[in-house]
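**Student:** Dropping a structure here in structure tokens format, bear with me for questions.
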Amino acid sequence: MQNGAEKGTRHAYGIRYATRLIRFEKLDPVAALDVMKRWNQKCKPPMNEHDLERMIKKAMEYAFDDQQEDKPSIPSVWVSPELVRHIFSDLGRRVKRDNTTKAAVLFSALSAYLSNPLNLFEKGSSGSGKTYNAIETLEYFPQDDIWFLSGMSPKALVHQKSQLLDKDGNEIFLTDRPTKPKKREYKTENEYDNAVKEYEKQKKIFSERVLGSYHYINIENKIFVFLETPDPETMRMLFPILSHDKKRIEYRFVNKTQSGLRTELVIIEGYPTAIFLTTDRKYVEELATRSFTVSPEESTEKIGDANKLTNLKAAVPWECKLETPRFLATKRLIQNIKETLKNEQVDVIIPFLGLHEIFPKDVARDMRDFAHFTQFLKSFTILHLFQRHVLVMENKKYVIATNYDVFCCYKIFKELIELTRTGTEKRILDFYHNFVKNKEFCYVAELTSDYNAENKVSISDYTIRKWVDRLNQIGYVEKREDDADKRKIVIIPLVKETTEKRDNACIFENHEDMVSILEKGFNSWLDRYKKTNIGKLNENVYNPKEIHNAELTEHILLNEKTLFSFVENVFQYLSEDVLTPDSENNPKNTCIDQNHIFSHKLNCHICGKTLQSNYFKVDNNPVCFNCYFNTKSQTCPICGGDMPLSQLSNVNGKPACKSCAKKLEVPT
């Protein structure tokens, strides 16, 4: 069976093979699918990936034997050195290109489970994919944590999302309101009178509870997605929380009841992540200075890929299903991260005292943007929860970021910095850099002509004027009356060099300088930690094995050359699919510390073959997949003899050797 299968037997053998991997070898769905893909190459002809995924799903439906111990398993993708790439590879099936936007949505949403969540603004033209991008990326998150809001008024928000609590914090259920007794339900007048007295007593108690009650809305760990422009009153109510000025606010509104008008008290508590998909109102723009700004791609390549995907969904919808093994593994990971942060008192620590030196300090908002950058870095780090060492101090656990995390976030933030600082769409900034910046002065008519000559889709001078007005608001251009013709406006570019605005977030283009600063900052942090004489370093959140300072240093400060082989072109890396085998033309990513996974540099103890990403251990020696199944043995429950796993068959849900299976007429 390991040598593939002929047409007519492929599905039968495939399901049995998948069942073996899931049930007996306890591989997680992602690892099992990788093994199945290699097996499929030997089939004649090979099946499509959809069939393999269906086999894995079918195998997962066969639960393990009730007698087996139910041990929690960690999917291999959680500790994979290509975790982020696994996620983007799956997400890329549903959202084409837009890697910057996908990264911004993913890590902003993940920050909802940290102490200081991020806000995100998506700006772009109608139809550019702002809503679709966000909704598809947020499919990985628990849907109860996502609030899709449109033009919802404060009253609607309160009635849909709040709990009614009394002054002691106990919930009040309006269905528990006492009901007046009916005389016909009582046999005697005395019984009825007693029931009425008890009713009046309970009614008074209930009324007193309601009189001192308030509506409570807990938005901790929530993700707000504003699909449309928020209601002004709702925005005014939420602004102190969304801007992180106050974590607990009180709000009052007048509600109409049966007894007349009544002032209702609302208490809202917690910091959520807010994602704005429309920002066409000034009162929303005011929050943009406290948020990241990102703009979806609008290139012809993206439009072509998006149309191709739409065509594929219409033609073969079964190949575009959402719940792939990678999707399910990522969804479980994020759920696990949420529960761990909540139950284990886990936070993230950034062990680089010199980190501020790599960030600009030219304008006042750089202080706020640096705080946003550190929070973005924490989100990236916590995604690698199973791959990072932990500092335990005073009953609290701190997941420790590495220089890999810093470099990746720095590279992503470089793509966001100009949009974030200016709060302006990417297409307007690109228009400035491509058509305005290099001129001494220009006119709207000239810019309109230049733009339409370079682009397939022409735009009017009205649109160019709106773009120029926006550039004038953010200080990129100056507008003056033409001395020769007062009816014309002269446009003078003010930002002449790219480095003035576009790249000023990246002080160190030479990565060697940046590595040096991070190394120096980490060593300073380590010296301070040693002086505390408290706390200990653990392998990870779930493994209390202690590690030494030397191991921590090796874990935090990755090799400079290896690091930049990935980070230098992070978005191209994320655009490519995950490659399972390792070869010269298909290199592995060694940027993430691999203490929690088996080394890729080992050879099989039996055949000497170079091991790939998934392999096993026999007597504590690494062996390849084929040798494992030919050497590892189980006891046949029917005849009691030993059998290699390669000779394994299935009899009534139990493993059996070939001989017993043949006697029972079960095909092997």
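The values are calculated or read from the model by the stated rules, or taken from the named source; none is laboratory data. Owing to the predicted nature of the structure, the values given are computational and were not obtained by experimental measurement. A quick note on method: Cβ atoms are made from the backbone with ideal geometry, for glycine too, and the neighbour counts reach across all protein chains shown. Keep in mind that these areas ignore ligands, DNA and RNA; they rest on the heavy atoms of the full protein, side chains included. Shrake-Rupley method; radii C 1.70, N 1.55, O 1.52, S 1.80 Å.
**Student:** Hey, can you tell me all the residues within the stretch 419-461 that are closer than 21 Å to residue 296 by Cα and either among the hydroxyl-bearing types (Ser, Thr, Tyr) or open to solvent by less than 20 Å² (accessible area, probe 1.4 Å) (or both)?
**Tutor:** The answer is 419, 420, 422, 423, 424, 428, 429, 431, 432, 433, 451, 458.
**Student:** Considering only residues of the stretch 103-134 that are of a type in the set (Ser, Thr, Tyr) and open to solvent by less than 40 Å² (accessible area, probe 1.4 Å), which is farthest from residue 344 (Cα to Cα)?
**Tutor:** Checked the stretch 103-134; the qualifying residue farthest from residue 344 (Cα to Cα) is 125.
**Student:** While we're looking at this one, here's another question. Being outside any strand (DSSP E or B) and at pLDDT 55 or above: is that true of residue 578 here?
**Tutor:** no
**Student:** Can you find, within the stretch 356-370, the residue that is surrounded by the most Cβ atoms within 10 Å (Cβ to Cβ) among those that are in a helix (DSSP H, G or I) and without any contact (Cβ under 8 Å) to a residue 12 or more places away in the chain? First the steps, then the outcome.
**Tutor:** So the first thing to find is which residues in the stretch 356-370 are in a helix (DSSP H, G or I), and the list is 356-358, 366-370.
From what's left, without any contact (Cβ under 8 Å) to a residue 12 or more places away in the chain: 366-367.
Values: 366: 18, 367: 11.
The qualifying residue surrounded by the most Cβ atoms within 10 Å (Cβ to Cβ) is 366.
**Student:** Here is a further query. I'm told residue 69 meets every condition in (1) modelled with pLDDT of 75 or more; (2) not in a helix (DSSP H, G or I) except one. Can you identify the failing condition by its number?
**Tutor:** Going through the list (1) modelled with pLDDT of 75 or more; (2) not in a helix (DSSP H, G or I), residue 69 breaks only (1).
**Student:** Shifting gears a bit: Only one of these conditions is not met by residue 382: (1) open to solvent by 10 Å² or more (accessible area, probe 1.4 Å); (2) touching a strand residue (DSSP E or B) at 6+ places or on another chain (Cβ under 7 Å). Which number is it?
**Tutor:** Only one criterion is unmet by residue 382, namely (1).
**Student:** Residue under question is residue 246, and the condition is that it be closer than 28 Å to residue 416 by Cα and either modelled with pLDDT under 85 or aliphatic (A, V, I, L, M) (or both); does it hold?
**Tutor:** For residue 246, the condition - closer than 28 Å to residue 416 by Cα and either modelled with pLDDT under 85 or aliphatic (A, V, I, L, M) (or both) - is met.
**Student:** Need at least 1 residues that are surrounded by 15 or more Cβ atoms within 10 Å (Cβ to Cβ), modelled with pLDDT of 80 or more and not small (Gly, Ala, Ser) per element, so show me which helices (runs of 4 or more DSSP H) inside the stretch 480-575 make the cut, counting only ones lying wholly within it.
**Tutor:** 511-532, 549-556
Here's the yes/no breakdown for (1) assigned to a helix (DSSP H, G or I); (2) open to solvent by less than 30 Å² (accessible area, probe 1.4 Å); (3) over 21 Å from residue 320 (Cα atoms):
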| residue | (1), (2), (3) |
| --- | --- |
| 11 | yes, no, no |
| 16 | yes, no, yes |
| 21 | yes, yes, yes |
| 35 | yes, yes, yes |
| 39 | yes, yes, yes |
| 42 | no, no, yes |
| 46 | no, no, no |
| 57 | yes, no, no |
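**Student:** Output the number of residues of the stretch 90-132 satisfying the condition of being assigned to a loop (DSSP other than H, G, I, E, B), farther than 16 Å from residue 222 by Cβ and polar (S, T, N, Q). Please lay out each step first, then the result.
**Tutor:** Of the stretch 90-132, the ones assigned to a loop (DSSP other than H, G, I, E, B) are 92-98, 114-118, 123-129.
Cutting the leftovers down to farther than 16 Å from residue 222 by Cβ gives us 92-98, 123-129.
Still in the running and polar (S, T, N, Q): 125-126, 128.
Residues that pass the stated criteria total 3.
**Student:** Looking at 321, 342, 396 in this structure, which one is open to solvent by 40 Å² or more (accessible area, probe 1.4 Å) and closer than 30 Å to residue 50 by Cβ?
**Tutor:** Residue meeting the stated conditions: 321.
**Student:** Okay, next question. Consider the stretch 135-165. How many of its residues are closer than 15 Å to residue 250 by Cα and open to solvent by less than 50 Å² (accessible area, probe 1.4 Å)? Please lay out each step first, then the result.
**Tutor:** So the first thing to find is which residues in the stretch 135-165 are closer than 15 Å to residue 250 by Cα, and the list is 154-155, 157-158, 162-165.
So of that shortlist, the ones also open to solvent by less than 50 Å² (accessible area, probe 1.4 Å) come out as 154, 157-158, 162, 164-165.
Number satisfying all stated conditions: 6.
**Student:** Now, a different point. Consider residue 303 carefully, then state whether it is at pLDDT 85 or above and touching a helix residue (DSSP H, G or I) at 6+ places or on another chain (Cβ under 9 Å). Let's see the steps before the verdict.
**Tutor:** Details: at pLDDT 85 or above: yes; touching a helix residue (DSSP H, G or I) at 6+ places or on another chain (Cβ under 9 Å): no.
Against the criterion (at pLDDT 85 or above and touching a helix residue (DSSP H, G or I) at 6+ places or on another chain (Cβ under 9 Å)), residue 303 does not qualify.
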